[in-house]
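Input: a single structure, listed below in structure tokens.
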Amino acid sequence: MTNNEPVTLYAYVTSPYAMKVHSFLLYKQIPFQVYYVNPTHPERELPFGRSIPVLKIGQKARNDSTPIGLWLDQCISERPLMPAQVAVKNRVLTIDQWVSEHLIPSIFFSVYPKFFQPSSLRQCWPAAMQLGRCVAQTTHHGFPAGLRYLWPLLLNRAAFIRRLIEPLAAKKTASEHRKSVLLTLENKLQSKSFLADTEHPTLADLSAWSQIVGPYQLNLYHMDDFLNFSNIRLWVKRVAAYLPADTNKPPLVPAILNPRELHF
């Protein structure tokens, strides 16, 4: 990568996977821009494919959040996301897998409205509506009129979300699962500054951090629940110190959405 190659992240502002890559870029301190793709026809705006996120550096592009992180380390050696030691690298990848299999599904579960369950509607409907508002306000080239109000229905019908949460819904409620996942994260941080027991944040920390901070800053209903866990709360601030605000680096959640501050 040369200094004059433009870097663009193609994303939805509400995508957990795009949030991961956004955090990688902030940590790497790479000047970049974010292009919020229209979800009604993403293939028209993405460099290739239909899946978010896509990162484009110069004329090269990659998709899938974790492979993008590994690619970034190949392109820019400074501030590595992955440690050099094989054993520590394996720990990082194991934690990143836990984020994908547990922490991210806990977010989807918390915003997925089940139309024939009143308790689910009460808890999930406000968050689903907020997600629609956030996408509508950030999508380039406009958003179909009224589609934001149908966002709970679209979430309910999204096949990949169903696949993520159906195994969970058979065992626990959304709030029970979320509390269990946060407790696991709290325990992973016991007596550690960072998740892989390193001196600096790694890909694992940024993957998990973005899933805590992103929904919180989007003002999603009940996504301030991590504040009840002291290890998580301190770790969030610790990681944030490595991601200073910079005019060349768009924040995880844009100012137009009036994000919650991390002052707690």
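Summary of computed values
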quantity: Matching entry among VAL88, VAL34, VAL54, VAL92 (being touching a Phe, Trp or Tyr at 6+ places or on another chain (Cβ under 7 Å) and not charged (D, E, K, R)); calculated: VAL54
quantity: Pairs with Cβ under 6 Å, 6+ apart, first in region 160-189 and outside the structural domain of PHE109 (by TED's automatic domain parsing), second surrounded by 14 or more Cβ atoms within 10 Å (Cβ to Cβ) and of a type in the set (Val, Ile, Thr); calculated: none
quantity: Residues of region 59-74 satisfying the condition of being out of contact with any helix residue (DSSP H, G or I) (no Cβ under 9 Å at 6 or more places or on another chain) and part of a strand (DSSP E or B); calculated: ALA61, ASN63
quantity: Residue list for region 197-211, filter: surrounded by fewer than 24 Cβ atoms within 10 Å (Cβ to Cβ) and either of a type in the set (Ser, Thr, Tyr) or touching a helix residue (DSSP H, G or I) at 6+ places or on another chain (Cβ under 6 Å) (or both); calculated: THR198
quantity: Check on GLN137, touching a residue at least 60 places away in the same chain (Cβ under 8 Å), more than 25 Å from THR66 (Cα to Cα), in contact with a helix residue (DSSP H, G or I) (Cβ under 8 Å, 6 or more places away or on another chain) and in a helix (DSSP H, G or I); calculated: yes
quantity: Residue match in region 28-38 (condition: buried (at least 18 other Cβ atoms within 10 Å of the Cβ) and either in the same structural domain as ALA241 (by TED's automatic domain parsing) or in a helix (DSSP H, G or I) (or both)); calculated: yes
quantity: Helices (runs of 4 or more DSSP H) enclosed by region 164-264 - at least 1 residues per element that are in contact with a Gly (Cβ under 9 Å, 6 or more places away or on another chain); calculated: 203-217
quantity: Residue satisfying all of: in region 1-27; hydroxyl-bearing (Ser, Thr, Tyr) and touching a residue at least 40 places away in the same chain (Cβ under 8 Å); surrounded by the fewest Cβ atoms within 10 Å (Cβ to Cβ) among these; calculated: THR2
quantity: Qualifying positions in region 39-58 - more than 18 Å from the chain's Cα centre (by Cα), touching a residue at least 40 places away in the same chain (Cβ under 8 Å) and not in a strand (DSSP E or B); calculated: THR40, GLU45, GLY58
quantity: Matching residues, region 214-243, being on the phi < 0 side of the Ramachandran plot and either touching a residue at least 60 places away in the same chain (Cβ under 8 Å) or acidic (Asp, Glu) (or both); calculated: GLY214, PRO215, LEU218, LEU220, TYR221, MET223, ASP224, ASP225, TYR242, LEU243
quantity: Count of region 80-111 residues which are assigned to a loop (DSSP other than H, G, I, E, B) and under 20 Å from the mean Cα position of the chain (by Cα); calculated: 3
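Yes/no matrix, rows are residues, columns are (1) assigned by TED's automatic domain parsing to the domain that holds LEU131; (2) over 24 Å from ASP197 (Cα atoms):
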site: ASN228; (1), (2): yes, no
site: LEU234; (1), (2): yes, no
site: LYS237; (1), (2): yes, no
site: ALA240; (1), (2): yes, no
site: ASP246; (1), (2): yes, yes
site: LEU262; (1), (2): no, no
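This table checks each residue for (1) modelled with pLDDT under 90; (2) among the acidic types (Asp, Glu); (3) more than 24 Å from GLN29 (Cα to Cα).
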residue	(1), (2), (3)
MET82	no, no, no
HIS102	no, no, yes
PHE116	yes, no, yes
HIS141	yes, no, yes
ALA158	yes, no, yes
PRO167	yes, no, yes
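The values are calculated or read from the model by the stated rules, or taken from the named source; none is laboratory data. This one's a predicted model, so the numbers in the text were calculated from it and none came from an experiment. So basically every Cβ, Gly included, is an ideal-geometry build from the backbone, and we count neighbours across all protein chains shown.
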